[in-house]
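Colleague: Can you keep this structure in mind? I'll have questions shortly.
The values are calculated or read from the model by the stated rules, or taken from the named source; none is laboratory data. For clarity, every value in this text was computed on a predicted model and none was experimentally measured. Positions of Cβ are backbone-derived with ideal geometry, glycine not excepted, and every protein chain shown enters the neighbour counts. We work out accessible area using only protein heavy atoms, side chains counted, and drop any ligands, DNA or RNA first. Shrake-Rupley method; radii C 1.70, N 1.55, O 1.52, S 1.80 Å.
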Amino acid sequence: MRICDLAESLGCPFEGDGEYRVRQVASLEDGSPEALGFVRSEKHLPELSNSKVGAVIAPAGVDVGGRPVIRSPNPGLHFARAVALLHPRSRPEPGVHPSAEVDASAEIDSKASVGPHCSVGARCRVGAGSVLHPQVTLYPDVSVGADCTLHARVVVREGTRIGDRVVLQAGVVLGTDGFGYVFDEGGGWEHIPHTGGVIIEDDVEVGANSTIDRSMLRDTRIGRGTKIDTLVMIGHNCEVGEHAILAAQVGMAGSSTVERRVIMMGQSALAGHLTVGEGAFVGGRAAVSSDVPPHTRVWGTPHLEERRWFRSIAVFKKLPELVKRLRAIEKHLGLGKH
Amino acid sequence: MRICDLAESLGCPFEGDGEYRVRQVASLEDGSPEALGFVRSEKHLPELSNSKVGAVIAPAGVDVGGRPVIRSPNPGLHFARAVALLHPRSRPEPGVHPSAEVDASAEIDSKASVGPHCSVGARCRVGAGSVLHPQVTLYPDVSVGADCTLHARVVVREGTRIGDRVVLQAGVVLGTDGFGYVFDEGGGWEHIPHTGGVIIEDDVEVGANSTIDRSMLRDTRIGRGTKIDTLVMIGHNCEVGEHAILAAQVGMAGSSTVERRVIMMGQSALAGHLTVGEGAFVGGRAAVSSDVPPHTRVWGTPHLEERRWFRSIAVFKKLPELVKRLRAIEKHLGLGKH
Amino acid sequence: MRICDLAESLGCPFEGDGEYRVRQVASLEDGSPEALGFVRSEKHLPELSNSKVGAVIAPAGVDVGGRPVIRSPNPGLHFARAVALLHPRSRPEPGVHPSAEVDASAEIDSKASVGPHCSVGARCRVGAGSVLHPQVTLYPDVSVGADCTLHARVVVREGTRIGDRVVLQAGVVLGTDGFGYVFDEGGGWEHIPHTGGVIIEDDVEVGANSTIDRSMLRDTRIGRGTKIDTLVMIGHNCEVGEHAILAAQVGMAGSSTVERRVIMMGQSALAGHLTVGEGAFVGGRAAVSSDVPPHTRVWGTPHLEERRWFRSIAVFKKLPELVKRLRAIEKHLGLGKH
């Protein structure tokens, strides 16, 4: 693709030789003369000057050493879009594969694609442009909006409602029965039927083998634009706001709320029945055990406000020295036993 | 359903208008005049007085404001059963779907259901009333008892024995090869064949995408009535007793034992070759590194007895202040360097 | 099998009655007179003397009480191989099952086996002796080497390259889209297309329901002979060296490197963009937050060098006592408030 055409597609101005052909995308480190890279700011100019990339995306005014350049106020975003334009993902043809089992009462849009060995239950609806890769199972009464991608062997349980442009990576399970039990007369655990559902709003993405439980009575809800990584567990009755980030192996116990734009880093967890306020940040491996106010940063098990945790951890690393100092004082004073 | 009929089905007495029609179940918070709610005790009466629910399940003697009421010594249990009666789960018809591949030597009870694209290996047995949802794979020599539910794309490896009324949520893997290796002559890792099996006793439930490894020589065993949540990992040669609870993302390393009625909260873990005694409680995120006596409560990484851990954590949070006090003493005594 | 034949197959000398028939393998604890056990060294002779096993594998010179014995410098390794010889795993016949969907452009070796309901995309290659169990999905352009085992419902995304003798347990997902986003103009998260791939070298094994992300630009790579347990998450752009061990529920954030022969124990994790050096050991539940030098042992969240961590933890357990000693000093000196 000519760089002038790429720039036009991105809606960005360019400078230099518009006939330059972009054949690859690359990091500055790995680049070749046929590759397009990007620099976020002048800070990265030393890497650029050592790079073999033939062209770049860079903010206005940044000197790129005479290379053809696409100018952007957000080079990372436009680089991502350039990658998408240069490497369009092949998608299956519309239509239902003959090996798929689709209930007669299901409505599959003529522009949707249902792959080999899929199972689509009664009264399901799949919108235009959506793709079900092989072996996806939709239980009855599932609705999937437009332009969604359900990768291989996703399972969506009965009644789940999925918005538009949702991406479910391979092995995702939506709407599995929540983990709620009561004691029966004999002291055994009896399951509480979960009649609530799961609602996945527009532009949500869920990573491979992650699971989202259905609710007991209301709905478990994942807000618009939220991105969830792999092997994440979201319990029954949880609410996740818009544009949140849940990184890999995060766990949310039941009935908890994560408000909009919260970021939970890898392996962090929430106890049940609490709220993490808007824009809060939960550090990697943190275990949140009570409400977190909006725009707060927390770490640790159980969680502490970020600065407090780092200060306590700094002392923790030196605890043996602390004990020595204590002993020295006791010895000085003739206290304790030495 | 008339509330008098519901009460009779539950085996409970009722008071008030027996002709009242229960159309929904709801929490007190979300209820409508057509919905049935429940109160565990008089403590919840303030919520009930503000609730719109038209009827309730409540202990004898609790004043429910004139609503039709089903009396129960265990309102949570009878509410769960009321939900099941009011929202019976639709189940597939008995029979083997034509797209399923069932080995000729397998015995499928005529009252069992084998869904689309299932694979059932040689010599498998599936009991009466059991349901295999789409894409379940049974390797050879698997036995599944009566009235089990195997959700979509469960995989059960060769020789696994499953009791009655077992529920396996979507994506569960039973009997995967245990993680055991020895060094070969060249210093590489060579897998030790795992010839043991997995035994799942009656009334066990396993959550979505959880995995249970097969054993090296004996059997990995999950005791009757135990409930396991999603994304749990149980290693080779483990034993889990009856009526235990393993919450989400728990990990059990190999050759460990969890005795009956143990509760392990979310993301907690067991090192290998140890025992958690009957009725013990392992707190969320705890990492158990040695035997836990029966009826003990533990938290932390590595675990401590509950009160010790909470006391240590309370000090941990104030470590920076502790250092200041130490410094003040040293200064007072002219010790150390300031 | 006669023990003399078994010894010959193992390439080991034997002593005693060569006509002895080995019918089972067993631990010393569970053994019967028809079973073969093993002892690593003289240390285990007390267990052997109490054992009912009829024959053993033992190092030269170890007195096995007159039992027929196979002599080996590495009894564990030869026991593992004896198990494999005595319990050969049945494997499906070569050929493509009629219910599998294989693209016309895919090349399946005539000695490979493709099971029921598998989906094999365009231009895929599957080598001789490899087995795809039921419901495996290969997206387009996947190559699978020789003698691989892909268990039921493994998903391999487009372009992934898999070496020889690789074992993927049930539910593994290779090549899922990496978790990388940039802000769009409206403040939402926009996915960065991941055009890199995943390379799995020879003799790698991956546990059930584990996931390995594809890279943004380069390749995510798992080195030869590395063994990965269940529910492990490996992020985009990661590199894992040869003969490493990643135990269950480990998480590797993006762009991290684990060098050869590293061992990461259960539930441990790596933050992004760091390196764990050759031969290092990461303890259970450790969270590595910066580079780990080669041949170092680390524990804790965040990680510390092993001895430092154990010493700090030892003090942590006694923090309440530490506070008492501090208070006693303050009281002695008339400092602080009591």
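Colleague: Between copies, how far apart are the A:Pro59 label points? List them in nm, one decimal, shortest first, with each point 7 Å from Cα toward Cβ, please?
Modeller: Result for A:Pro59, in nm, nearest copy first: 6.5, 6.5.
Colleague: What are the ³J(HN,Hα) values, in whole Hz, obtained from phi via the Karplus relation 6.51 cos²θ - 1.76 cosθ + 1.60 with θ = phi - 60°, for each residue of the range B:259-266 in sequence order, with x given for Gly and Pro?
Modeller: Taking θ as phi minus 60°, the curve returns 7, 4, 6, 6, 10, 10, 7, x Hz for the range B:259-266.
Colleague: Using amide H atoms built 1.01 Å from N in the peptide plane, name the residues 5+ places from B:Val96, or on other chains, whose amide H lies under 5 Å from its own.
Modeller: Counting only residues 5 or more places away or on other chains, the set is B:Val114.
Colleague: Roughly how crowded by other chains is peptide C:283-293, in terms of the mean Cβ count from those chains within 10 Å of each of its Cβ atoms?
Modeller: Mean number of neighbouring Cβ atoms from other chains: 3.
Colleague: Shifting gears a bit: Which Cα, out of C:Val53, C:Ala82, C:Pro13, lies furthest along the positive dipole direction of the range C:3-86 (beta carbon charges, K/R +1, D/E -1)?
Modeller: C:Ala82
Colleague: Could you tally the net charge around A:Asn237, taking each other residue with its Cβ under 12 Å from the Cβ of A:Asn237, Lys/Arg +1 and Asp/Glu -1?
Modeller: -2
Colleague: Something else about it: With the other protein chains left in place, how much accessible area per residue, in square angstrom, belongs to the range B:3-86 at a 1.4 angstrom probe?
Modeller: With the other protein chains kept in place, the range B:3-86 gives 47 Å² per residue.
Colleague: Rounded, prolate or oblate: pick one for the protein assembly as shown, where a ≥ b ≥ c are the square roots of the eigenvalues of its C-alpha gyration tensor, a/c under 1.5 means rounded, and failing that, prolate if a/b is larger than b/c, else oblate.
Modeller: The shape class here is rounded.
Colleague: B:Ser290 label points, 7 Å along Cα→Cβ, one per copy: pairwise distances from this copy to the rest in nm, shortest first?
Modeller: Those label-point separations list as 3.1, 3.1 nm.
Colleague: In the structure displayed, which of B:Lys318/C:Lys324; A:Lys318/B:Lys318; A:Lys331/B:Lys331; B:Lys227/C:Lys317; A:Lys331/B:Lys318; B:Lys331/C:Lys317 lie more than 22 Å apart, Cα to Cα?
Modeller: Over 22 Å apart, Cα to Cα: B:Lys227/C:Lys317; A:Lys331/B:Lys318; B:Lys331/C:Lys317.
Colleague: Related question: Given Cβ point charges of +1 (Lys, Arg) and -1 (Asp, Glu) and nothing else, what value in debye, to the nearest 20, does the dipole of the range A:95-307 about its Cα centre take?
Modeller: Using Cβ point charges on Lys, Arg, Asp and Glu, the range A:95-307 gives about 460 debye.
Colleague: Please compute the average number of Cβ atoms from other chains found within 10 Å of each residue's Cβ in peptide B:73-81.
Modeller: Partner-chain Cβ atoms within 10 Å, mean over residues of B:73-81: 4.
Colleague: May I ask which residue of A:Ala26, A:Leu326, A:Cys4 lies farthest towards the positive end of the charge dipole of chain A, with charges of +1 (Lys, Arg) and -1 (Asp, Glu) on Cβ and the Cα centre as origin?
Modeller: Farthest towards the positive end: A:Leu326.
Colleague: Taking only Cα atoms and a 10 Å spring cutoff, compute GNM fluctuations for chain A and point out the largest among A:Ser99, A:Ser27, A:Ser210.
Modeller: A:Ser27
Colleague: Then there's this: In the range A:256-276, which residues give up 30 Å² or more of accessible area once the other protein chains are added, compared with their chain alone (1.4 Å probe)?
Modeller: A:Arg261, A:Gln267
Colleague: May I ask you to evaluate 6.51 cos²θ - 1.76 cosθ + 1.60, the Karplus curve with θ = phi - 60°, for each residue of the range A:95-101 and list the ³J(HN,Hα) values in order in whole Hz, giving x for glycine and proline?
Modeller: x, 9, 5, x, 7, 6, 10
Colleague: Then there is this: Would you mind telling me the share, in percent, of accessible area of the protein assembly as shown contributed by carbon and sulfur at probe 1.4 angstrom? Please list the in-between numbers first.
Modeller: Values: 20150 of 39270 Å².
It is 51 percent, rounded to a whole number.
Colleague: On to the next question. If R0 is 35 Å, what FRET efficiency do you get for C:Ser27 and C:Phe310 from their C-beta distance, rounded to 0.05?
Modeller: Working: r = 31 Å, r/R0 = 0.90.
Efficiency computed from Cβ-Cβ geometry: 0.65.
Colleague: Ranked from the most accessible area to the least, with a 1.4 Å probe and all protein chains present, what is the order of B:Arg218, C:Arg221?
Modeller: Per-residue accessible area, sorted high to low, gives B:Arg218, C:Arg221.
Colleague: About the Cα centre of the protein assembly as shown, what is the dipole size in debye to 20, counting +1 per Lys and Arg Cβ and -1 per Asp and Glu Cβ, all else neutral?
Modeller: 4540 debye
Colleague: Residues with beta-carbon under 13 Å from that of A:Ile3, excluding A:Ile3: net charge, scoring Lys, Arg +1 and Asp, Glu -1?
Modeller: Values: positive: A:Arg2, A:Arg21, A:Arg23, A:Arg67, A:Arg71; negative: A:Asp5, A:Glu8, A:Glu15, A:Asp17, A:Glu19, A:Glu34.
Residues close to A:Ile3 contribute a combined charge of -1.
Colleague: Name the shape class, rounded, prolate or oblate, that the alpha-carbon gyration tensor gives for the range A:3-86, where a ≥ b ≥ c are the square roots of its eigenvalues, rounded holds for a/c under 1.5, and otherwise prolate holds if a/b is larger than b/c and oblate otherwise.
Modeller: In terms of gyration-tensor shape, rounded.
Colleague: Would you mind checking which residues have amide H under 5 Å from B:Ser72's amide H? H placed 1.01 Å from N; only 5 or more apart, or other chain.
Modeller: Those lying under 5 Å, H to H, from B:Ser72 are B:Ala58, B:Ala60.
Colleague: If ligands, DNA and RNA are left out, what is the accessible area of C:Lys227 with a 1.4 Å probe, given in Å² to the nearest 10?
Modeller: Surface accessible to solvent at C:Lys227 totals approximately 10 Å².
Colleague: Tell me the total accessible area that A and B bury against each other, 1.4 angstrom probe, in square angstrom rounded to 100.
Modeller: 5000 Å²
Colleague: Based on the Cβ-Cβ distance of A:Lys318 and A:His295, what FRET efficiency does E = 1/(1 + (r/R0)^6) give at R0 = 51 Å, to the nearest 0.05?
Modeller: Details: r = 31 Å, r/R0 = 0.61.
In this case the efficiency is close to 0.95.
Colleague: When you look at the Cβ of every residue in A:208-219, what mean number of other chain Cβ atoms sits within 10 Å?
Modeller: 6
Colleague: Roughly speaking, what is the centre-to-centre gap between the range B:125-201 and the range C:23-49 when only Cα atoms are used, to the nearest Å?
Modeller: Answer, in whole Å: 28.
Colleague: Using θ = phi - 60° and the Karplus curve 6.51 cos²θ - 1.76 cosθ + 1.60, what whole-Hz ³J(HN,Hα) does each residue of the range B:216-222 get, with Gly and Pro shown as x?
Modeller: 6, 10, 7, 10, 7, 10, 10
Colleague: Which distances in nm, rounded to one decimal and ordered from shortest, link the label point of A:Glu47 to the equivalent label points in the other identical copies, with labels set 7 Å from Cα toward Cβ?
Modeller: Distances between equivalent label points, in nm: 5.2, 5.2.
Colleague: Could I ask something else about it? Taking H as built 1.01 Å from N, whose amide H comes closer than 5 Å to the amide H of C:Val142, not counting residues under 5 places away?
Modeller: Those lying under 5 Å, H to H, from C:Val142 are C:Cys124, C:Arg125, C:Gly159.
Colleague: So, in Å, what gap is there between the alpha-carbon centers of the range A:65-112 and the range B:271-287?
Modeller: 47 Å
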